[in-house]
1. Looking only at Ser48, Ser243, Ser18, which one moves most when the chain is put into a Gaussian network model with springs between Cα atoms under 10 Å?
2. Region 245-259 to region 133-159: how many Å between their Cα centroids?
3. For volume of the Cα convex hull per residue in Å³, pick the label among [x] 136; [y] 188; [z] 205 that corresponds to the value derived from the coordinates.
4. In the chain, what percent of the accessible surface is made up of carbon and sulfur (1.4 Å probe, ligands and nucleic acids excluded)?
5. Across region 154-169, in residue order, what do the Karplus-derived ³J(HN,Hα) couplings come to in whole Hz, using 6.51 cos²θ - 1.76 cosθ + 1.60 with θ = phi - 60° and x for Gly and Pro?
6. State the extension gain, in nm to one decimal, for the chain segment bounded by Ala115 and Lys92, taking 0.36 nm per residue of separation less the distance between their alpha-carbons.
7. For Glu21 and Glu276, calculate 0.36 nm times their separation in residues minus their Cα-Cα distance, and state this gained length in nm to one decimal.
8. Go through Lys132/Lys215; Lys57/Lys178; Lys113/Lys262; Lys133/Lys215 and tell me which ones have a Cα-Cα distance over 21 Å in this structure.
Amino acid sequence: DELSGAPGTKQVSLEAYSIDETPVTNAQFREFVKETKYRTDAEKYGWSFVLNSSLSKEVLAESEQHIQDAPQWVAVLNAWWRHPEGRDSSLKDRWKDYPAVHMSWNDATAFCKWAGKRLPTEAEWENAARGKKKESLYPWEGKDFLGPDGRWMMNIWQGLFPFENLAEDGYHGISPVKAFPANSYGVFSTVGNVWEWTSDPFPGRPDEEEKWILKGGSFLDSATGDFNHKATVVTRMGNTADSGSYNTGFRCASGKGGGGRKRPPDQKMLEKLAEEGGIEAVQEYLKSTGSNAQVFTPSELQKKRDKLKESMEEL
């Protein structure tokens, strides 16, 4: 489903694993912080992005920075997991039932390690989100973005984005992690509400900063893909490890599972290996990491090109 950011599908075999029934809540993240004194990336930077319509008039008035092509995303000073909407917000009545947000991949990885778990792979996350009906694009059976009896079963945006949210699903912004029924696996809140980090690298060019896959979309996404992402179980995007915002959270997994994508080789490290040990050193490294990639010298590559050209001429 290309509107979901997923241009194709493939079959993946998984071994037994477990995944949290909900995204990590504020109360759970607080226990982690109490024990470890951990500071999130948003805390260290001193700001994070928040949706403008979620801010108080005072904070909105004093927050002058925003994303140029998406002015609804405002850079808010002192916005982090404990103050999601900035300095004058709190987690009162949002500790146990709401997801921890402004979470980066670094934050999510640190929490899961502390909990004796790990981030799920994209395949594990999507398998759990689909439930027992693997052919469905939603956590419930069927092709309709509305659940049984025409009810909203996920927290996404209804209305003219970003100016009006009709809140037909009951929520203007972030919702409790169990606001809607669980799927057939007993897993809650996989589509909409908040994006969730996975352990898989996001495909990109070698010269780009490394990114990681997030799944499921958020409350800012749409039912049909008319704006932002189309919210389904295959919805995905990538972001850098230190990035977090008002609509990013995570859940943890454990067990063998599988289906993870391998990180692409670090180009600078490969260049250094080639300088110090030649092509043989690079090939040995790739072999040790389980990569099937082959490395050719310029002359070897030219020979292969010539051979391919000869084969094409014969055809």
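The values are calculated or read from the model by the stated rules, or taken from the named source; none is laboratory data. Note that the structure is a prediction, hence the values are computed from the model and not measured. SASA here: full protein model, heavy atoms, side chains in, ligands and nucleic acids out. Shrake-Rupley method; radii C 1.70, N 1.55, O 1.52, S 1.80 Å.
1. Among Ser48, Ser243, Ser18, the largest mean-square fluctuation in the Gaussian network model of the chain belongs to Ser18.
2. Their Cα centres are 21 Å away from one another.
3. After the calculation, the listed value that fits is [y].
4. 50
5. Rounded to whole hertz, the list is 8, 9, 9, 8, 10, x, 7, 7, x, 7, 8, 10, 5, 6, 5, 7.
6. Extending this stretch completely gives an extra 5.8 nm.
7. Gain on stretching Glu21 to Glu276: 86.9 nm.
8. Pairs exceeding 21 Å: Lys57/Lys178.
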